[in-house]
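One structure is given below, encoded as C-alpha cells.
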Amino acid sequence: MAVILYDGECGMCTASVQFVLERDRNGVFCFASLQSEAGRGILKKHGIEEVKLDTMYLSAGDELFERSTAVLKIGSQLPHYRIVARIGFLVPRLLRDWVYNLIARNRHRLRGSDRCQRPTEEQRVRFLDLRQ
C-alpha cells in the first residue's frame, strides 16, 4: 500500500491530495494527514519521530520518500504525468528540493489554510485517518 502523508491544515496540500484523487483511477494511493495518529504511526515505523509539516511524504512498502522525490514518485503513478515525472528525476535532487522548500515555505500564503476537504464516500476509505 502506498500512502501519501500531507499537512492536513494546508490548503495547498489538500488541493494536492484532491489532484491525486481525481487522477488515481486505479486507487494506488491512500492518504493520511501528518497530524493524524495514522500519519504519525507510519512515520514512526520509518524511524521519523519529529514530524515536519512542510514535507510531503510517500510511504511505499519499506521505503519512505520525501519532498520532491515523493512528488515525482506520486506523479510517476498517475496517467499523463509519468513522462513529466521522469523528466523531473533528471534534475538534481538538491535543486528539486530547493524549489520544493521554496514553495513549502510559502504554501499557506499561496493557497491559504483549507481544512474543508470532503472526500466522497468512495474516496473516504482511502483516507487512513477517516476510517472507523
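Read-outs: derived from the displayed coordinates by stated rules, not from any lab. Since the structure is predicted, the reported quantities are computational estimates derived from the model, not experimental observations. Please note: Cβ atoms are built from the backbone with ideal geometry, for glycine as well, and neighbour counts cover all protein chains shown.
By the Cα gyration tensor, segment 61-112 has an equivalent ellipsoid whose semi-axes, rounded to whole angstrom, run 20, 13, 13 from largest to smallest. With a ≥ b ≥ c taken as the square roots of the eigenvalues of the C-alpha gyration tensor of the chain, please select rounded if a/c is under 1.5 and otherwise prolate if a/b is larger than b/c or oblate if it is not? Rounded is the answer for the chain, as its axis ratio a/c remains below 1.5.
Spatially, segment 59-86 and segment 29-50 are offset by 18 Å when compared through their Cα centroids. Sorting the segments 30-42, 61-73, 87-99, 1-13 by their residues' average number of neighbouring beta-carbon atoms within 10 angstrom, most packed first, yields 1-13, 30-42, 61-73, 87-99.
Rounded to the nearest 20 debye, the dipole size of the chain about its Cα centre is 360 debye, using +1 on the Cβ of Lys and Arg and -1 on the Cβ of Asp and Glu.
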